[in-house]
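Visitor: The structure's right below; bear with me while I get my questions together.
The values are calculated or read from the model by the stated rules, or taken from the named source; none is laboratory data. Everything numeric in this text was worked out from a predicted model, so none of it was measured. Neighbour counts run over all protein chains shown; Cβ positions are idealised from the backbone, glycine included.
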Amino acid sequence: MPLREPVYGLTEGISNKRMRELALTGLDRAPELDEWIEPSLRAREGWPAWRTALAEAHSDPAAANARKRLAYDEIFANQLALLLLRQVARRKRGTPLQGDGRLTDKLQLPYRLTGAQARVVDEIRGDMAQARPMLRLLQGDVGSGKTLVALLAMLEAVEAGAQAALLAPTEILARQHYATLQRQCEAIGVHVAILTGREKGRVRESVLMGLAAGTIDILIGTHAIFQQHVAYQQLGLIVIDEQHRFGVSQRLLLSEKAERPPHLLAMTATPIPRTLTLTHYGEMDVSRIDEMPPGRTPIETRVISDERLGEVVDGLARHLSAGGQAYWVCPLVEESEKSDAAAAEERAATLRARFGAERVGLVHGRMKGPDKDAVMASFASGSLGVLVATTVIEVGVDVPNATLIIIEGAERFGLAQLHQLRGRVGRGSGASRCILLRGQQLSETGRARLALMRETNDGFRIAEEDLRLRGPGEILGTRQSGEQAFRVASFEDVTELAPKAQGDARLLLERDGGLASERGQAARLALYLFERDAAVGLLRSG
């Protein structure tokens, strides 16, 4: 049986044949290297040496054993890099922050902390009390109460004489946090301010002066809070919401705002499967809020064909007549001249014709900030019955009276995004519903995805399935955050090999002499090769 030709990623002007010639030239020059994989593991798996595996992968893309070995190299380099980052972070000296309870005792909590929240708060306080800067990832499903945990952490910093900053990925989410936290903090004498790209002139100067003077205790904002001219008197804690939307460089910029490394709490409402936690956040301690606050009822989810759109609109009319409010989310638009915003405008027009312009609001990403705020405020106050929107409402919108959400073109969304959107309802004590309007052309994968949404409200189960169906880049938004995707290792490889690779990397650093050892020197080269996208990174199976 003839071997298959390898297929390479190409650029204009270079043919696959020419790329193969270049690859073979590179292989001829590849040196024999010391082994960086733990010897007993390589023997047990029957993997070839690195140079042999590289040659086999380029000569026969079906060479599974060679590719598995190279996939392991890639994952091992990833785990080693994360453990080295962790080592560096743990060697830094920050400022221990330990509050006295004078502020948290006065705080009027909306409910008693759940057991999961109390456990996480204790973990965070224990970290902040150390001179070693905290580096913790907080995972919690939609509506699990992460913001309250973050507030308690920030008050701990303020009690200890430091400032705290909360970084949000969007202006809508930043202003939602500001409205919530200002309301809670004003009564206990804590000064909260907001800084986004919209704050200009005297308002902006006032915030900057307050930060430098230390009269602002907590700053909330978008990327504007780590711009060069923003200076803090004593930044002790950074909270990053929707962690996966920010790159490492942005987090480092904010950390540099403090004289000494600040404590860092990263939060995400997108539950991250264990595999991705290991390969993307292996340098961080991880906490999970796996318990919902009391009074939250599961959201009833139904999948309905868009052929029954008229029935859905009639149901919406009954919902509004009963005093309810609703979201109507318009679909992602792909390969079309019509944008998401245009789709939302069109849907808003049809609903306004039915319910009246004064009852239907519209928000999308192309609107100016003040215009979006005005619509959101009208919806939150109850003067609007329906909010038509694109995915700008995916995070940060909290209107307890809104107990119905209709997601049009639901099959075009990923599971994690559908779950985030569904989380806009179910935020009060009333029963909530989610209607997933599907199109006529539904694949088996799409059918399975919507069926799972109907079956469960468990975000962690949904995230695992989303990872299986769509891969890690889609879930974590790697293109937005700048994270590098694996070039050789498949999702199945990562699931199987990441725990072994982490153990091997830990063994190297803790027992086998670290990077100064012979294997450690070879491991340094492994890191270099994969960081520079070695020749194997050019190869795609075909």
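Visitor: Closer than 29 Å to Lys368 by Cβ, in a loop (DSSP other than H, G, I, E, B) and in the same structural domain as Leu148 (by TED's automatic domain parsing): which single residue out of Gln233, Gln228 fits that description?
Guide: Gln228
Visitor: Please pick out the residue among Thr11, Thr25 that is hydroxyl-bearing (Ser, Thr, Tyr), in the same structural domain as Asn78 (by TED's automatic domain parsing) and in a loop (DSSP other than H, G, I, E, B).
Guide: So the residue among Thr11, Thr25 that is hydroxyl-bearing (Ser, Thr, Tyr), in the same structural domain as Asn78 (by TED's automatic domain parsing) and in a loop (DSSP other than H, G, I, E, B) is Thr11.
Visitor: Kindly evaluate Leu208 against the criterion of being surrounded by 22 or more Cβ atoms within 10 Å (Cβ to Cβ) and touching a residue at least 12 places away in the same chain (Cβ under 8 Å).
Guide: For Leu208, the condition - surrounded by 22 or more Cβ atoms within 10 Å (Cβ to Cβ) and touching a residue at least 12 places away in the same chain (Cβ under 8 Å) - is not met.
Visitor: Cβ contacts < 7 Å: first residue in the same structural domain as Asp34 (by TED's automatic domain parsing), restricted to segment 493-518; second residue surrounded by fewer than 18 Cβ atoms within 10 Å (Cβ to Cβ) and not in a helix (DSSP H, G or I), any location; separation 6+ or different chain. Result?
Guide: Hits for this filter: Glu518/Asp34.
For every residue, the table says whether it meets (1) in contact with a helix residue (DSSP H, G or I) (Cβ under 8 Å, 6 or more places away or on another chain); (2) among the hydrophobic types (A, V, I, L, M, F, W, C); (3) touching a residue at least 24 places away in the same chain (Cβ under 8 Å).
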| residue | (1), (2), (3) |
| --- | --- |
| Arg29 | no, no, no |
| Trp36 | yes, yes, yes |
| His58 | yes, no, yes |
| Gly101 | yes, no, yes |
| Gly126 | no, no, no |
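Visitor: Quick one: which residue in Leu82, Leu54 is farther than 30 Å from Thr180 by Cα, in contact with a Gly (Cβ under 6 Å, 6 or more places away or on another chain) and assigned by TED's automatic domain parsing to the domain that holds Asp512?
Guide: Testing whether each residue is farther than 30 Å from Thr180 by Cα, in contact with a Gly (Cβ under 6 Å, 6 or more places away or on another chain) and assigned by TED's automatic domain parsing to the domain that holds Asp512 leaves just Leu82.
Visitor: List the residue pairs whose Cβ atoms are under 6 Å apart, where the first residue sits in segment 406-428 and is over 23 Å from Met292 (Cβ atoms), the second is at pLDDT below 85 and among the small types (Gly, Ala, Ser), and the two are 6 or more positions apart or on different chains.
Guide: Glu411/Gly446
Visitor: Only helices (runs of 4 or more DSSP H) wholly contained in segment 408-523 count here; list those with 3 or more residues that are under 25 Å from Ile299 (Cβ atoms) and modelled with pLDDT of 80 or more.
Guide: Ranges flagged: 415-422, 444-455, 459-470.
Visitor: Could you list, in sequence order, the residues of segment 282-314 that are over 21 Å from Ala451 (Cα atoms), crowded, with 18+ Cβ neighbours inside 10 Å and modelled with pLDDT of 85 or more?
Guide: Scanning segment 282-314 gives Ser287, Arg288, Ile289.
Visitor: Cβ-Cβ distance below 8 Å, separation of 6 or more or different chains: which pairs start in segment 306-333 with a residue that is within 15 Å of Ile407 (Cβ to Cβ) and end on one that is of a type in the set (Phe, Trp, Tyr) and at pLDDT 95 or above?
Guide: From residues that are within 15 Å of Ile407 (Cβ to Cβ), the pairs are Leu316/Trp328.
Visitor: Also: Being in contact with a Cys (Cβ under 8 Å, 6 or more places away or on another chain) and either modelled with pLDDT under 95 or more than 21 Å from Pro133 (Cβ to Cβ) (or both) narrows it down to one residue among Val203, Val192, Val230; which is it?
Guide: After applying the criteria, what remains is Val192.
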